[in-house]
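This report concerns only the one structure given below.
The values are calculated or read from the model by the stated rules, or taken from the named source; none is laboratory data. Predicted model only: the values in this text are computed from it and were never measured. Virtual Cβ from ideal backbone geometry, glycine too; neighbours counted across all protein chains shown. Heavy atoms of the whole protein, side chains included, go into the accessibility calculation; ligands, DNA and RNA do not. Shrake-Rupley method; radii C 1.70, N 1.55, O 1.52, S 1.80 Å.
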Amino acid sequence: MPNIILFGPPGAGKGTQSKKLIQKYQLVHIAPGDLLREHIGRQTSLGKQVARYIDAGKLAPDELVVGVVADQLAQAKHSSSFLFDGFPRTLAQATALEEQLATHQLQIAAVILLEVPEAELLQRLQHRAQIVGRADDQDATKVATRMHIYHEETLPMAQYYTRQHKLFNVNGLGSVDEIFERIAAVIDQLPSTSRV
Ligand code: AMP
């Protein structure tokens, strides 16, 4: 299977779609956001280092997040293929990931950008704040910070991957299953190897 990056603004549905994609394609899920929240819950030293960033809706430092991902890559089985969910989020992370993958003779096949208009994102995040209770969804200022950072730091990656002919834009509006079908259609036409 190819290695895939799923990216998009907060509330685009990355987590929801990732759960379905890892099942269908047997991918190893690399989601630093989930892992960092787990560390915060367990009050590990990493959790203590990143809590103030996550609570404020800011990005955790690149070197910490890159380190967490490098550990997960190193632990995976040799034959694994990966779904990166919410990583990379900066150009520095994108280049660090490329270097990490190269040390395992791996490469990214496709970068899927889930596109959702901002008004819909805000509605979804409000809904999620009520049902999941994530601290960074609760407060309009934190949500605005996350949107701003997405536009300033994460979206520029789209150009980077366009230049590599790896970017696929997918309409993130519709039912979960409709969006999933669109993503699956992109993945199904990729060459099947994950190796360089
Ligand atoms: P997520 O669950 O992907 O929405 O991530 C939740 C929070 O974890 C983000 O708002 C950041 O504070 C932090 N985080 C997750 N992924 C990254 C990343 N790739 N780089 C920096 N911070 C991250």
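Observations
- Beta bridge orientation in the chain: antiparallel %, DSSP, nearest 5: 5 percent
- A simple spin-label model places pseudo-atoms 7 Å from Cα toward Cβ; at GLN23 and ALA76 they are separated by 2.0 nm.
- In the context of the full set of protein chains, the chain has a per residue accessible area of 51 Å² (1.4 Å probe).
- Length-normalised contact order for the range 30-69 - Cα pairs under 8 Å, 6+ apart - percent: 33 percent
- Remark: relative contact order (the chain) = 36 percent; criterion is Cα-Cα distance under 8 angstrom and separation of 6 or more residues.
- Once backbone amide H atoms are built at 1.01 Å from N, SER81 has VAL28 as its partners under 5 Å, excluding neighbours fewer than 5 places away on the same chain.
- Percent accessible area from carbon and sulfur atoms, the chain, protein chains only, probe 1.4 Å: 52 percent
- Along the axis of the charge dipole computed for the range 1-131 (Cβ charges of +1 for Lys and Arg, -1 for Asp and Glu, origin at the Cα centre), the listed residues GLN130, PRO61, GLN23 are led at the positive end by GLN130.
- Global form of the range 1-61, assessed from the alpha-carbon gyration tensor, a/c cut-off 1.5: prolate
- In the range 1-104, chymotrypsin sites (Phe, Trp or Tyr not before Pro) in a DSSP loop with at most 10 other beta-carbon atoms within 10 Å: none
- Span from the the range 88-167 Cα centroid across to the the range 44-67 one, whole angstrom: 16 Å
- Spacing of the modelled spin labels on ALA56 and ASP139, each 7 Å from Cα toward Cβ, amounts to 1.1 nm.
- Cα pair distances of the chain binned at 10 Å [whole percent]: 9, 37, 39, 15, 1
- Net length available on complete extension from ASP188 to GLU120 is 21.7 nm, with 0.36 nm assigned per residue and the Cα-Cα distance removed.
- Each stretch of four or more DSSP H residues adds -39500 (n - 2.57); spread over every residue of the chain, this sum gives -16500 deg cm²/dmol at 222 nm.
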